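Below is one structure, written out as structure tokens, with a few remarks after it.
Bear in mind these aren't lab numbers, they're just calculated from the coordinates by the rules spelled out. Because the structure is predicted, anything quoted here is derived from the model rather than measured. Glycine gets a Cβ as well: all are built from the backbone with ideal geometry, and neighbour counts include every protein chain shown.
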Amino acid sequence: MNIGFWMCAVLVIPFAALGIFFALLKDRAACFLSGFNMLPKAEQELYDKVRISKDMRNSCFIWTAVMVAGALASWLLTTYAFIPAYIIWLILFFRDFHIDARKAYKKYLLEKEDNRKDAKLL
């Protein structure tokens, strides 16, 4: 049994499913993101939910590709090929990780006249 293959392969399905989920639901899927769903509804309207969903979809599909590559490398080359796959995934994951929801979603603020004033209040 190749443990490296299974350690990567087991994550392919949830990452792909999440990517499909965000692709299908588009802007409605943004409310399932941690931190964003805790913002008040009025403040959520200041953000581009479609772009948030697209970025999350793309991240999930990139994570899927990394794990598929790790699974294939573990199966074809060496069992320990899962280690670089997990390191790459951790780097990609923590690159977009923020404790503060407003900081995490700041780049998605809509650029309307009314929103600029509201964003300064945040």
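Taking label positions 7 Å along the Cα-Cβ direction at both F21 and A42, the computed distance is 3.0 nm, reported to one decimal.
Based only on other Cβ atoms within 10 Å, what is the fewest-to-most ordering of M56, M7? Kindly include the intermediate steps, with their values, before the conclusion.
Values: M56 21, M7 18.
Going from sparsest to densest Cβ surroundings: M7, M56.
Highest average first, the peptides 36-43, 93-100, 25-32 ordered by how many other beta carbon atoms sit within 10 Å of their residues are 25-32, 36-43, 93-100.
Rounded to the nearest Hz, the phi-derived 3J(HN,Hα) couplings of the range 96-107 under the Karplus curve 6.51 cos²θ - 1.76 cosθ + 1.60 (θ = phi - 60°) are 9, 8, 9, 6, 8, 5, 5, 5, 5, 9, 4, 6, where x marks glycine and proline. Here V50, V12, V66 are placed in order of increasing Cβ neighbour count within 10 Å, fewest first, which gives V50, V12, V66.
For the chain, the longest principal axis of the Cα atoms and the long axis of helix 3-25 meet at an angle of about 30 degrees. Remark: relative contact order (the chain) = 35 percent; criterion is Cα-Cα distance under 8 angstrom and separation of 6 or more residues. Against the longest principal axis of the chain, how steep is helix 82-95, in degrees 0 to 90 to the nearest 10, with axes from Cα atoms? That helix lies at roughly 10 degrees to the long axis. Note on L109 and N2: the model spin-label points, each 7 Å out from Cα along the C-beta direction, lie 4.9 nm apart.
The C-alpha atoms of the chain define a longest principal axis, and helix 49-76 lies at about 10 degrees to it.
Amide hydrogen proximity for Y47: with H placed 1.01 Å from N in the peptide plane, the residues at 5 or more positions away or on another chain lying under 5 Å are L110.
Taking only DSSP H segments of four or more residues, each worth -39500 (n - 2.57), what value at 222 nm results for the chain once the sum is divided by all its residues, to the nearest 500 deg cm²/dmol?
Numbers: 6 runs with 82 residues, N = 122.
Rounded to the nearest 500, the figure is -21500 deg cm²/dmol.
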